[in-house]
Amino acid sequence: MSNELLATWGIIKVGEQDGVTISSDMQNNRYLVEMPNKYDLTHTFKKYERVEFKQNPEALDKANNVVYATKTVFDLGEADIKQFMADVTKTRQVNKEMMTEREMFTTAISFDHNPQEIVYTGIPLQAKRDEHNAIIKNEAGKAIQTPGYVKGEILAAGKYLVAMMSERNHTAEKGVVHLIETSKFLKLEDYKKPDRLLAVWDRLGIDPVADVDNLEIKRGIHKYISFNESGLVKAINHTYTKDVKQTNAVENSVVANQPIEAEKAAPEKSPVKPKPKSKQPEMVR
């Protein structure tokens, strides 16, 4: 290891923690940090160089991980090192919260719907079509997939995820739950609010008094959510809308844009847990 890397070894520690990994790039005399390609994690690293994407087989949306790089160790000052570690620490904390929320939701939903088999996935996909409604295929002859829509019941809504049971192909034996990242529909002004959870409810059209009981979403609240080709939420409607391009047809329809740099919010409430039909097992955080 070079003397320059050795000099920063006591501060920059390589290794994986809470889904975020730091490694040393000896060939280019710099450090790399790898994380899931999620806006809540990556917006902190916009000031760093993005060097590559890596496959993440555990991602619900088959999304990649993203890798960022520091400046070369010859250009890294003490302030740069401290800032880098502060950014990594912040990102690890957020990813830990996201993983905990996902585990809490999936454990509770699977328990509540037992013995029905629950399959968890991310953004719904559908075949891409041209202006004549013909399916567009790639060079291998396979249909190109593009984000579509989901219609169903909202089972839980937290700071980072919304769990939605799809009505499509739903049977007594099997159900599909879409875990949708709230960053797909939150806007800049939502990140400035002191309570992100209330901002999520507002975007979903959930009344915190009429639709929530002891921080749990009441059963029977159905939504229709459509996505654009970038995977961002295009509209959130109370009811099914045949023309997914008609985003203003229903009251409280939401047209969402990818949020930009968010300000640090004040401490927030715990995420909303699915309301069980019976006592749930204790969840490990």
* Structure fact -> Rounded to one decimal in nm, the spacing of the 7 Å Cα→Cβ label points at Ser230 and Ala127 is 2.8
* To do: Once you've got the Cα coordinates, tell me which of Lys54/Lys90; Lys46/Lys151; Lys46/Lys193; Lys13/Lys184; Lys82/Lys234 are over 29 Å apart.
  => Lys46/Lys151; Lys13/Lys184; Lys82/Lys234
* Once both labels are modelled 7 Å past Cα along the beta-carbon direction, what's the Glu189-Val14 spacing in nm? -> 4.7
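Two-decimal Rg/Rh of the stretch 13-64 from alpha-carbon positions, Kirkwood Rh?
On the way: Rg = 11.6 Å, Rh = 12.1 Å.
The Rg/Rh ratio comes out at 0.96.
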* To do: Could you grab the relative contact order for the stretch 3-91? Cα pairs under 8 Å, six or more apart, rounded to a whole percent.
  => 29
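Which of the peptides 220-233, 15-28 is most tightly packed, and how do the rest follow, going by the mean number of other Cβ atoms within 10 Å of each residue? Display every interim value, and only then the final one.
Details: 220-233: 18.2, 15-28: 14.5.
Ranked by mean Cβ neighbours within 10 Å, highest first: 220-233, 15-28.
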* Asked: To the nearest 0.05, how large is the calculated FRET efficiency for Ala140 and His170 if R₀ is 41 Å and r is the Cβ-Cβ distance?
  -> 0.85
* Asked: What is the list of residues in the stretch 122-162 whose amide nitrogen lies under 20 Å from a point 7 angstrom out from the Cα of Asp213, following Cα to Cβ?
  -> 153-158
* To do: Using every Cα-Cα pair within the stretch 1-159, state what percent have a distance larger than 27 Å.
  => 44
* Asked: Remind me, what semi-axes does the stretch 3-91 give for its equivalent ellipsoid, largest first in whole Å, using sqrt of 5 times each Cα gyration tensor eigenvalue?
  -> 23, 13, 11
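Each value in this text was obtained by applying a stated rule to the coordinates, not by laboratory testing. Bear in mind the structure is a predicted one, so any value in this text is a computation, not a measurement. Counting neighbours? That spans all protein chains shown, and the Cβs are built from the backbone with ideal geometry, glycine included.
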